[in-house]
Structure formats: structure tokens, C-alpha cells
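Enquirer: I'd like to ask some things about the structure below.
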Amino acid sequence: MSQSNTPLLDDVVLWSQETCRQRLYDVLPKLTALHHRSESWDDHIRVLKIITDMFLPHIGLSELEVECFSKILPKVEVMFQCMMKEIQDQVGGLSSQNTELCTLLRNILQAMMQIIDALSTCVRHVGSFEEAPELDAIRSLPTCILKVLRETFHHCKESEGLYCGRLSLVADLLQGLFKEAYSLQKGLLELLDRISLDSNASDEEISDIVTVIHSLLDICQIISNLDIALHANTWKFLIKLSLKYQSSVEEHLNHSDISTKMCENLLASFHNCVDLCEQMKHLGLQGTTQSPEYKLFQKNAKMCRFFANTLVHYIKEFQCFLTKYCSCFHKVYLQVTSKFPPSLCAPSLPVTLSDELNAAALVPMNAFLLQLLPLRSFAEVVLQDNLQLSPEHKLPQCLLLVSVLSQLASQPDEVLQLWYNGSQFSEETPRLPLFQALFISFRDCCTERKVPVLLPGVMMKGRAQVQVTLHHHVCVHICASVAALSPVYFPVLERCLIEAVLQADTQTALLSTDVWCFAARFGTAELCLHHVLLVAQLVKTCPPECYQAFHLGLLLRRMVFLMTSNHQMELVMHYPPSEVENLLVWRHVVLRALSPDARRHVETEILGLTHKVVTEWQNDGHKLGQVNGLKGALLALLVVVQGQPSDEQCVSSATRIVSQLWLRMSPDQVQTHTVLQRTLQLLLSISANLVKTIEPQVVCQALLCVDALVSQKCPDQLLLAALEFLSSLGKVFVPLDKQSQILPRLSSLFGALLADESWLLHHHGLEAFSHFAETTNHEEVISQSLCVEETKTKVVNYLSKIVKAEENVETRLKRLQLETSVTEQHTDKLENNNKEDVPNKPSEAAAEPCPKRARQETSTEEYSRYVQTAESALKALQDLTEGRANTTSPPPEWLQSRLQKLQTLITHMITARPTT
């Protein structure tokens, strides 16, 4: 500063307020020019303080910007930034020994505080006017202050790293600097709150307000970890200002940054709360409300509630500008809900803290979701196909869809169409119908279904609220939605239901079946009939052993219960059980679901057809190529006997059919031909239901077949059927003359199956053996089956209900997660390769000889196989004829002539010369 200007400053500081007022227009221009030309920080601050303390009080509101602020504040910004840069350049050499540098830095910090104090003086002067200032009248002031505040708060935030362990040398000044800045911001916000823009505000004024809002957003990011109260108040004013001038600024605001930062702050405060809860639990402070941790938890919980509610309000007001950021909103919802039960990754928190956190974060999520429902972009994010989610977000996604379903009832038609219909045109962003997305999401929650996770059930009048499984929870909400669904959306619902039934995950198909049955009960009887006929036709068109046929059969079985008697007869007439191709339908029907007339009709026709198929198979020489038709008839026969027919004639007919087939079953043939194993499985299941009417000789033949199969590796389902049959034998008393043939083999089979290493067979073996032991009169079988001490111990433990040491929750969860990945791979493989044969495991269709296949070259093995088959059949026939000779029931008259024909055939084969 030149020496010629020093006398002016020396004189001015001695003036009274009246002199300053009189000389204002004469001296102020000289002071502002002097301030602009000042080079040292001391001179700069000296002139600034003289202007703000002595002359500013005499400047009118209309002259502030032109005469003062626009001339001195740009220089203030520059000088303040230079001070910050000087500190950053010099701070590396700071130490307690370097007193000169320490003094320099402290002087700079004190100078910065003086600048902030001068700006506070400006704010107080503007605020002293009764009339609210216009933004044009103070345009330079907010801009300058916000830049100074941003620099100051950033410096305070980075001070620990910037001063590198030497913070104590300047800590008192930094604390004072922060307090001054805090006070300055508070004054500025109060001042800005008084300003108002009318609808005719200029573009420049609107730009200034937008700049203020964005500057406050920058400050919010800086102070997020400095002071909770300051952070909250700044955000409050930012949103308040945005809403106050919404119509003017909404098109100019950076909605991306505002909404994204709000989401980030919400999640940050939420995760801080969760961390503090776990910390208090670990320290045993969950019941202490006076601990520093609890007080900090409460502050963070308040911030969490504030950001959640503010975000909801912001979305409500600026909905149309936020369509690009719905992916962020979706992630916020998933991340918050994933930290609450029943999510498997939710921390175990004390009840009191969990309730507070629930009120702060989870409760606002319902209002949050309600604001997002009308947004097409949000629906597109939530309903996109192949949504790639981390395992911890799969359950929250499912619960999100359930919440959407529950809230749609109060929405207008355009919102219902958006969610229920899915994308309708190719130019739309693809989105699934809500029901389809919910079934897919439920399927993805495989681990949660196994645990199982529990959710609050629906409150019922007069009943306490209970915890229910995810299946129950989803099913109840879907059914409630179906009950209120407009008929226009029923075609979409039906398509979603059939898709869910036809996919590979059985529990998802079961959920769809539950909903479908509710819809059938809720609708008309004619609708139920229509659906039953449709499903029955689908059952007929499916390959009989595929998972789709199983799922459709389950649906058909349940829906028949819901039909009227007349409609059940219509089903019988539409798919007559007397036709072989219709047995694919009736194999899935529980006959007790039918009316008495319909049931008798179905039983009679199935028995008649089964007898016809068996007779034709016998008359045609028991060809393997006809076994599939035989299996279909046996499946239908199993339905009849499982229904426990009251007609003794039906039982007698079924017993005769089964006895004929058992006497044709050869263990050697069953081992050789895979196609016969399924037939044997059905025979075992049918025999278990008819065991009281089957003759001992037939039981001997059945045990002979089972014994031959148990000794070799055969399918588990066949052994499970064998266990069912063995268990049923406890209901019968074996005649004395047959006990030596049956009881030892029965003991041997039980012993072998109880020792099986497969957990599935072992468990079913224990169940079958315990059931047999409870009902049998042949107690010697029990003791002889338990010759091995280890097997005996397992049976005793099972009967005593002794449970092995249970795995802990964490270990069990890890195991279930590993099983889930295997299960998902299996279901995906089923769906992707439904029509392909599994390598090295030929299907039954492949194993069955094709009737039109070219004759294969004979071999020694083929000769041996056919001779063994003939020997087994003749031995069985011999046992039958000798057994009949001792009874009142003689052999049929045609038997003698048929045996003579067989003898002639054998003689011809012996004497004939083989051709080359």
C-alpha cells in the first residue's frame, strides 16, 4: 500500500459515525479502490474492516450491491483462496521447533477469521433492514460467502491429514475458524430465507438461486462428517429453497446430484446406526441410554429419518425430473430392507435399538415406494427380466414386489396397467408383468425358503398375529390382490400362473397352484370347469415323466375337489377313463374328490381297461415293447387302490390283476431291462395298498424280486417303493407253511435297507421299519433285522427321538447356500435340456426296444437271457399250479392245452438245425 494512502486510513479510523455518514460518498470509492489495490493480507483486511465496520452501516439497501459488495467481495474471494493455498504450501514444515512458521500459519488463520467476521457484519447489516431484500440488491454477497464457507469447511475436514500430527499447534484457531464459519452460514441462511422471488423473476435471478442451491449441496457433502446438526440444517434449507422456488428452478436444478447425494447420506446414516447397534451389543451397552454410543446412535437415527422423509418429499415434488435415477432408488430400498429381519444378512440387534431403527428407516420405505409407483422408469427397473441381484438382495426384491402388489389397490388405472400388464410393444423397455416377476423373485429366494424365514402374518379377527413362511406370506398377498383384481387383468394373471406351474422349481409351481385354486374358488363353477378341462388337456400333451406333467397333475388333483358334481361327470365324459390315452389324466386324480356316481364310474372303467391291457399283454407274449402301455394302466390302477374303494368287487379285480403280473415278474428280467423297473415300482406301491388281499405265494414272488434288486445298484425311487411294500407287510399274518420263505427274506431286506448309506433311503427305512414293528405279529422279524449293532443303535435312537448334535445357525446357513447353488443349477438344467437325454444315463424311452427297430444280431448273452426268463416263468407257473392243487380253486381248463403247445415248441427248438 502506498504511503500516500496511509494518512487517509489513519484519519478515517478516528472519525465518528456521523462523519462517516457525511463523507460516505466521498471516501467510500477511495476505500474500495484502495482495497482492490492492496497487496498484503494485512492491508486488505485493514481496509475491509474499515469499510464494513464504519461505512457499511450508512449504505442503503438499494445501493449495497453497486456501491460496495460488487467492488470488494470479488477481492475477498481471491485473498481467502490465496491464504488457503499459502497454508497448504507451508504446512509441511510445521513443527514445534519452527516457531516462525508456526506464527505465520497462526496469523493466516486469524486473518481468515477476520475475513469471516467482516462477511458476518455484511450479513447482519442486510438483515437489519425491515424490508426483505431482493436478490439483485445483494447478488455478490451469497456467492462470496458460499465460496468462503466451502473452502473453510473443507480445510477443517482435511485438517487432521493436512497438519500430519501437528494439529495441536493450531487446533484452537481451527476450532474458532469453524465456529465463525458455522455462525456465518446460519446468518446467511436466515437472510436468504427472507428473500422472495416473484413469478416475473429475471433469468439472472433464477440463475443466482440455482447457484446458491448447488453451492449448498457442495457444502453438504463437505460437512457430512463434521457436524450432524449443521449437516441437517443445510440440507433442510437446500430442500426448502428448492421447493420455495420450484416452478422457477425445477428445470435448472441438478436433480441427479441432489437425489443421489440424498440417497448416499440416507444409507450412510443408516449404516452408521447399524454399526453402532452392533458395537453397543458387543460392549453390553444395549440397555444404557446415557452412553456416548447411544446418543450418537440417536443422532444418526434422526438423520436417517430426516433423509428418508426428505427423499420422499423431494420425489413427490420433482417426480417427472427423477425418472433417470430410479435405479438408485431401487438400490436404496433393497439395501435398507436387507438389514432388517427376516433377511438372512440382517444383524441381530437389541429389541429397543431395532425398534428405533425400524421407525427411522424401514417405516418411511412404504411412503418412499408409494411415491415411486407411478414412475414408468421405476417399474422398468423393478420388473426387468434377468435382474442380477446379490444373494442378500433377493429376499428384499421379493418383499418389494409384495409391497407393490399391496399398494396397487389404491392406484389409478394407468398405474395398474403399468405394473400388471408388463411391456406391450417392442419399442417399450421390456418389463415383466408384476405377477410373473413375483413368481420369479420367489423362486430366487431358495435359501430363504429352506431356512425358512418367517414374516408377520395377516391379522385375523379374534386371533393373535403369528409368524408365517415366505410361501404363506406371498400367497396371502397374491390372493388378496386377485380378489380385488379387475377382470381385464385376468388373462395376464392366467398366463403368469401357467408359466409358473410349468417351470422346474416345484415350490414355485406349488405357490402358483395355491393361487390358481384360490382363483377357481373365488370365481364361478363354470370358470373352474374351464380351467380343469384346460389343465387336463395340457397333462395329456406332456411327456408323462417330465416335471411339467407332475406340476400340472398336482394342479389338476386339487382343482377336481373344487368342481360341482355335474361338472365332475362332465370331466368324466370329456376324458373317458375307458380310453388308454386318457389314463394320463386320471393317474393324477384323487378319486375321493369325486361324487359317488362319478367315482364308481371311473373305478369301473379303469379296472376294465387295466384288465384289458394286462390280458392283451399276456396274450401277445409279454412283449417288452408294450410295457409302456402297461405302465399307464398300472398308474391309473394305483389311483383306484389308493382311493380305498369301498366296493369289494373292485378290490378283488385289482388283486387278481396284480397277482397275475407278479407271477410274470422275473428278477433277472428286471435287472436286465430298465423299462421293467418302473413297472415293478408301480406293482410294489399297488401291492402295499392291497397287501391284505394278496396271497402269500404272490408275496414270496414280490420279495424275490425286491431281494434281487437290493443287492445291486438300482434307482432310489424303486427302493422307496420297496420300503413302502415291506412296511405294509406288518398288517398281515403269514401262514405257517410260508413263514420260512417270507420272514427270513423280510428280515434280510430290512437289515440291508437300514444299513444303506444314502440318507434318504436310511430315513425312509427307519420310518418303514418302525411302522412295520408297530403293527406286525411276527416279532422275530424285528430282532433278526437288527443283528448289526450299529443298525440296532440307529433304530433305537430313532424310536427314542434322540436327535444328533444340531449344527449352529451359521454352519447351517452356509450349507443351505451351497445346496441352493446346486439346486438352481439342477432346475436350470431341467429347463434348458428338457428334451435331451442325460449323458451316460439313457431314459426309459431309450431303453425300451422300438417295435420297428431292425433285428439285432443274436449272441450268447441274448440266448442266456431268454432262457433265464423262460426258466423263471416256468418255475413261477409250477409253484402256482402246485399251490392251487392244495386249494379249492383248480387251475383253468385251458392251462393243459397251453402247456402242451409249449412242450411242442420246446421239442421243435431242440430238434431243429440252426441256420447259418
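The values are calculated or read from the model by the stated rules, or taken from the named source; none is laboratory data. Being a predicted model, the structure only gives us computed values, none of them experimental. Methodologically, a virtual Cβ is constructed for each residue, glycine included, from the backbone with ideal geometry; neighbour enumeration extends over all protein chains shown.
Enquirer: Enumerate the helices (runs of 4 or more DSSP H) found wholly within the range 93-198, keeping only those where 2 or more residues are out of contact with any His (no Cβ under 8 Å at 6 or more places or on another chain) and surrounded by fewer than 14 Cβ atoms within 10 Å (Cβ to Cβ).
Expert: Values: elements: 99-127, 140-157, 159-162, 171-194.
Output list reads 99-127, 159-162, 171-194.
Enquirer: Could we say that L511 is surrounded by 15 or more Cβ atoms within 10 Å (Cβ to Cβ) and either without any contact (Cβ under 8 Å) to a residue 12 or more places away in the chain or farther than 25 Å from L401 by Cα (or both) here?
Expert: On the way: surrounded by 15 or more Cβ atoms within 10 Å (Cβ to Cβ): yes; either without any contact (Cβ under 8 Å) to a residue 12 or more places away in the chain or farther than 25 Å from L401 by Cα (or both): no.
In short, no.
Enquirer: List the residue pairs whose Cβ atoms are under 6 Å apart, where the first residue sits in the range 766-788 and is over 20 Å from L719 (Cα atoms), the second is outside any loop (DSSP other than H, G, I, E, B) and at pLDDT 90 or above, and the two are 6 or more positions apart or on different chains.
Expert: Every condition considered, the pairs that remain are T775/G730; T775/K731; T776/G730; H778/L743; Q784/S747.
Enquirer: If I filter the range 580-600 down to residues being part of a loop (DSSP other than H, G, I, E, B), of a type outside the set (A, V, I, L, M, F, W, C) and under 14 Å from L635 (Cα atoms), which single residue comes out as farthest from the chain's Cα centre (by Cα)?
Expert: Residues of the range 580-600 that are part of a loop (DSSP other than H, G, I, E, B), as a first pass: 587-590, 594-595.
When the remaining residues are screened for being of a type outside the set (A, V, I, L, M, F, W, C), the result is 587-588, 595.
Next, from what is left, pick out any that are under 14 Å from L635 (Cα atoms): 587-588.
Values: R587: 35, H588: 31 Å.
Top of the filtered list is R587.
Enquirer: Given the condition touching a His at 6+ places or on another chain (Cβ under 7 Å), among the aliphatic types (A, V, I, L, M), over 21 Å from M665 (Cα atoms) and buried (at least 19 other Cβ atoms within 10 Å of the Cβ), answer yes or no: does some residue in the range 733-746 qualify? Reasoning before the result, please.
Expert: Of all residues in the range 733-746, those touching a His at 6+ places or on another chain (Cβ under 7 Å) come to 734, 743.
With among the aliphatic types (A, V, I, L, M) added as a condition, the list becomes 734, 743.
In the following step, the residues that additionally are over 21 Å from M665 (Cα atoms) were identified as 734.
Filter once more, keeping what is buried (at least 19 other Cβ atoms within 10 Å of the Cβ): 734.
Yes, there is a match, as at least one residue in the range 733-746 is touching a His at 6+ places or on another chain (Cβ under 7 Å), among the aliphatic types (A, V, I, L, M), over 21 Å from M665 (Cα atoms) and buried (at least 19 other Cβ atoms within 10 Å of the Cβ).
Enquirer: Identify, from the list L729, L723, L703, L690, the residue that is touching a Gly at 6+ places or on another chain (Cβ under 9 Å), surrounded by 19 or more Cβ atoms within 10 Å (Cβ to Cβ) and without any contact (Cβ under 8 Å) to a residue 60 or more places away in the chain.
Expert: Numbers: L729 fails: touching a Gly at 6+ places or on another chain (Cβ under 9 Å); L703 fails: touching a Gly at 6+ places or on another chain (Cβ under 9 Å); L690 fails: touching a Gly at 6+ places or on another chain (Cβ under 9 Å).
Result of the check over L729, L723, L703, L690: L723.
Enquirer: Further question: Tell me which of these C517 doesn't satisfy, since it passes every other one: (1) in contact (Cβ under 8 Å) with a residue 40 or more places away in the chain; (2) over 20 Å from L405 (Cβ atoms).
Expert: (2) is the only condition that C517 fails.
Enquirer: Given the conditions (1) more than 26 Å from Q644 (Cβ to Cβ); (2) in contact with a His (Cβ under 6 Å, 6 or more places away or on another chain); (3) surrounded by fewer than 21 Cβ atoms within 10 Å (Cβ to Cβ), and given that Q548 satisfies all but one, which numbered condition is not satisfied?
Expert: For Q548, the failing item is (2).
Enquirer: Among all residue pairs at least 6 apart or on different chains, which show Cβ distances below 7 Å where the first residue, located in the range 213-227, is of a type outside the set (G, A, S) and the second is part of a loop (DSSP other than H, G, I, E, B) and surrounded by fewer than 19 Cβ atoms within 10 Å (Cβ to Cβ)?
Expert: H214/N254
Enquirer: Kindly indicate which of L432, L438, L416 is among the aliphatic types (A, V, I, L, M), assigned to a loop (DSSP other than H, G, I, E, B), modelled with pLDDT of 90 or more and buried (at least 16 other Cβ atoms within 10 Å of the Cβ). Show your work before the answer.
Expert: Values: L438 fails: assigned to a loop (DSSP other than H, G, I, E, B); L416 fails: assigned to a loop (DSSP other than H, G, I, E, B).
Just one listed residue meets the conditions, L432.
Enquirer: When you scan the range 43-53, do you find a residue that is buried (at least 16 other Cβ atoms within 10 Å of the Cβ) and under 20 Å from L192 (Cβ atoms), even just one?
Expert: Let us first name the residues in the range 43-53 that are buried (at least 16 other Cβ atoms within 10 Å of the Cβ), namely 43-52.
From the residues that got through so far, the ones that are under 20 Å from L192 (Cβ atoms) too are 52.
Yes - at least one qualifying residue is present in the range 43-53.
Enquirer: Let me ask another. Exactly one of (1) over 26 Å from S128 (Cβ atoms); (2) in contact with a Phe, Trp or Tyr (Cβ under 8 Å, 6 or more places away or on another chain); (3) assigned to a helix (DSSP H, G or I) is unmet by Q221. Its number?
Expert: If we test Q221 against (1) over 26 Å from S128 (Cβ atoms); (2) in contact with a Phe, Trp or Tyr (Cβ under 8 Å, 6 or more places away or on another chain); (3) assigned to a helix (DSSP H, G or I), just (2) comes out false.
Here's the yes/no breakdown for (1) charged (D, E, K, R); (2) farther than 30 Å from C546 by Cβ; (3) modelled with pLDDT of 85 or more:
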| position | (1), (2), (3) |
| --- | --- |
| E767 | yes, no, yes |
| A773 | no, yes, yes |
| T791 | no, yes, yes |
| K794 | yes, yes, yes |
| E806 | yes, yes, no |
| E831 | yes, no, no |
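Enquirer: Right, something else. So in the range 346-363, with the set limited to residues that are in contact with a helix residue (DSSP H, G or I) (Cβ under 8 Å, 6 or more places away or on another chain) and not in a helix (DSSP H, G or I), which one is surrounded by the fewest Cβ atoms within 10 Å (Cβ to Cβ)?
Expert: Step one: list which residues in the range 346-363 are in contact with a helix residue (DSSP H, G or I) (Cβ under 8 Å, 6 or more places away or on another chain), which gives 347-350, 353-354, 356-357, 359-362.
Narrowing further to those that are not in a helix (DSSP H, G or I): 347-350.
On the way: P347: 14, S348: 10, L349: 22, P350: 15.
If we take residues in the range 346-363 being in contact with a helix residue (DSSP H, G or I) (Cβ under 8 Å, 6 or more places away or on another chain) and not in a helix (DSSP H, G or I), then S348 is surrounded by the fewest Cβ atoms within 10 Å (Cβ to Cβ).
Enquirer: Could you tell me whether the range 272-290 includes any residue that is assigned to a loop (DSSP other than H, G, I, E, B) and crowded, with 16+ Cβ neighbours inside 10 Å?
Expert: Yes, the conditions are met somewhere in the range 272-290.
Enquirer: Filter the range 775-812 for residues that are basic (K, R) and part of a helix (DSSP H, G or I); which is surrounded by the most Cβ atoms within 10 Å (Cβ to Cβ)?
Expert: Applying the first criterion (basic (K, R)) to the range 775-812 yields 792, 794, 801, 804, 812.
Subset that is part of a helix (DSSP H, G or I): 792, 794, 812.
On the way: K792: 15, K794: 19, R812: 13.
Result: K794.
Enquirer: Would you mind telling me which numbered condition in (1) surrounded by 17 or more Cβ atoms within 10 Å (Cβ to Cβ); (2) at pLDDT below 95; (3) more than 24 Å from P341 (Cβ to Cβ) V381 fails?
Expert: (2)
Enquirer: Let me ask something else. Would you mention how many residues in the range 191-213 are over 50 Å from the mean Cα position of the chain (by Cα) and of a type in the set (S, T, Y)?
Expert: Counting residues in the range 191-213 that are over 50 Å from the mean Cα position of the chain (by Cα) and of a type in the set (S, T, Y) gives 1.
Enquirer: List, please: which pairs have Cβ atoms under 9 Å, are six or more places apart or on different chains, and start with a residue in the range 476-495 that is touching a residue at least 40 places away in the same chain (Cβ under 8 Å) and end with one that is surrounded by fewer than 16 Cβ atoms within 10 Å (Cβ to Cβ) and among the β-branched types (V, I, T)?
Expert: H477/V458; A480/V458
Enquirer: For residues in the range 199-220 being surrounded by fewer than 19 Cβ atoms within 10 Å (Cβ to Cβ) and in contact with a Lys or Arg (Cβ under 9 Å, 6 or more places away or on another chain), which is nearest to A301 (Cα to Cα)?
Expert: Out of the qualifying residues, it is D218.
Enquirer: Out of everything in the range 813-827 that is touching a residue at least 24 places away in the same chain (Cβ under 8 Å) and of a type in the set (D, E, K, R), what residue ends up being surrounded by the most Cβ atoms within 10 Å (Cβ to Cβ)?
Expert: E824
Enquirer: Continuing with the same structure: Pull out all pairs, ordered by first then second residue, where Cβ-Cβ is under 6 Å, the residues are six or more apart or on different chains, the first lies in the range 419-436 and is touching a residue at least 12 places away in the same chain (Cβ under 8 Å) and closer than 16 Å to C479 by Cα, and the second is of a type in the set (A, V, I, L, M) and surrounded by 20 or more Cβ atoms within 10 Å (Cβ to Cβ).
Expert: Listed by first residue and then by second, the contacts come to Y420/L434; F435/L493.
Enquirer: Condition test on H567, is it over 32 Å from the mean Cα position of the chain (by Cα) and surrounded by fewer than 16 Cβ atoms within 10 Å (Cβ to Cβ)?
Expert: Numbers: over 32 Å from the mean Cα position of the chain (by Cα): yes; surrounded by fewer than 16 Cβ atoms within 10 Å (Cβ to Cβ): no.
Against the criterion (over 32 Å from the mean Cα position of the chain (by Cα) and surrounded by fewer than 16 Cβ atoms within 10 Å (Cβ to Cβ)), H567 does not qualify.
Enquirer: Okay, next question. Please identify the pairs in which a residue from the range 185-201 that is touching a residue at least 12 places away in the same chain (Cβ under 8 Å) has its Cβ atom under 7 Å from the Cβ atom of a residue that is among the basic types (K, R), counting only partners at least 6 apart or on another chain.
Expert: Taking only residues 6 or more apart or on different chains, the pairs are G187/R124.
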